[in-house]
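One structure below.
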Amino acid sequence: MSTAVNPDTGDGFDAPTPSEAYADAPDLRREMREVMELGAVRDGRRAGMVTEPPPPDAAATERVYLLRRAALMDRMAVEDPGPGARGAAVRTAFELAQFDHQHPAMTAGRHGPYSIEFDPSQRPYVRQEYAAWTAAGRPGTDS
């Protein structure tokens, strides 16, 4: 008997569950502010208030932003699994997976971004990568 896959709970995926992946994540309000600030800095809209500079490499800076944004949307969808939150989580997870597919040296998890392991959702991929990023000391953040 196979286990049903559920991107909201992580059941059926070889990836951390949401509670495991985001155990050390900042609270949602703080993470929202920081992701918005990273996006503004990334887009050149403001000088930024992030206390440590982002990684000097543009691709690394982009990945930190995409990873944190996808993780934030995933966490929000776990908290309130309505169609809007789920849609945003799937969309941002797919954007991270697309980026990582083009930059495979930046990935850290066991499974690649388009692994069959994460079908039908890249949300468990986001958790895998966020957990690996956290374990590596979250480069490019003030956390």
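For the reader, a short list of remarks on this structure follows.
- Against the list (1) modelled with pLDDT under 90; (2) in contact with a Leu (Cβ under 9 Å, 6 or more places away or on another chain), the condition SER143 fails is (2).
- Residue, farthest from THR9 (Cα to Cα), within region 91-125, restricted to residues that are at pLDDT below 95 and of a type in the set (Val, Ile, Thr): THR107
- Residue match in region 45-64 (condition: in contact with an Asp or Glu (Cβ under 8 Å, 6 or more places away or on another chain), assigned to a helix (DSSP H, G or I), modelled with pLDDT under 85 and surrounded by 15 or more Cβ atoms within 10 Å (Cβ to Cβ)): no
The values are calculated or read from the model by the stated rules, or taken from the named source; none is laboratory data. A quick note: this is a predicted structure, and the numbers were derived from the prediction, not measured. Heads up, the Cβs are rebuilt from the backbone with ideal geometry, glycines too, and the neighbour counts pull from every protein chain shown.
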